[in-house]
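Bear in mind these aren't lab numbers, they're just calculated from the coordinates by the rules spelled out. Model, not experiment: these values are computed from the prediction. Using ideal geometry, Cβ is built from the backbone for each residue, glycine included, and neighbour counts are taken over all protein chains shown.
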């Protein structure tokens, strides 16, 4: 069994959008990744940041930039995000053209991620798992922050982790949506190792302390004990 490295990825969408650099600085000494939600107003109803903002942030922090592209035409944006300083991008399997998009990311030197909406079965991603660095399982429907955690997708996390272990894949399994210390622990028990948290970090008096709390519970879940069984 491959060892799982826990990574905490604060989501900037939940921060003070007038001072993104300050938000990044608040968590820079405690977080592993910085999760950047990119929305185009088409694939999801919300509209957020693009490559120029990512480039501005890149000059202010060395954190790993985990860009989640909730857009209808990610292939048109991947090169721009790489040039802006993205380290990895995740595209949605629901937009189609998955093989070409994964190959494009790999060719650009990006870490390759594939995202699944809560109601999309794992079968949609199974043919691609061997090509991925990150499988992003949404535990809310994408588009808005602050939603309540949906537990059903944890079954996909469990199956994906088993597949990865059975096939010797060093796959990061990321969960995004409604994550806090308690739901993060549940997610790790199911097999996740990357936890995206927004409100549970930036909606608190001390984002840095909240990152530490989420990590503490996640690490505790790795201690041998009862596994997630749905």
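The table below gives the values:
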| quantity | calculated |
| --- | --- |
| Helix-only mean residue ellipticity at 222 nm for the chain, each DSSP H run of n ≥ 4 adding -39500 (n - 2.57), per residue, nearest 500 | -9500 deg cm²/dmol |
| Residues 162, 156, 111, sorted so that the one with the fewest Cβ neighbours within 10 Å comes first | 162, 111, 156 |
| Paramagnetic reach from residue 126 (point 7 Å along Cα→Cβ, amide N under 18 Å) across region 149-165 | 153-165 |
| Cα gyration tensor shape for region 95-172, rounded if a/c is under 1.5, else prolate or oblate | oblate |
| Value of relative contact order over the chain, rounded to a whole percent, pairs C-alpha under 8 Å and six or more apart | 21 percent |
| Gain in span if fully extended, residue 209 to residue 73, counting 0.36 nm per residue against the direct Cα distance | 45.3 nm |
| Rounded, prolate or oblate (a/c below 1.5 giving rounded, otherwise prolate when a/b exceeds b/c) for region 157-230 by Cα gyration tensor | prolate |
| The chain: most fluctuating residue of 16, 87, 66 per GNM, C-alpha cutoff 10 Å | 16 |
| 11, 56 arranged by Cβ crowding within 10 Å, fewest neighbours leading | 56, 11 |
| Antiparallel %, DSSP beta bridges [both residues in the chain], to 5 | 5 percent |
| Choice from 126, 135, 219 with maximal GNM fluctuation in the chain (Cα, 10 Å cutoff) | 126 |
| Shape category assigned to region 35-146 from the gyration tensor of Cα positions, a/c cut at 1.5 | oblate |
| Residue 55 versus residue 97: modelled label distance in nm, points set 7 Å from Cα along the beta carbon direction | 2.3 nm |
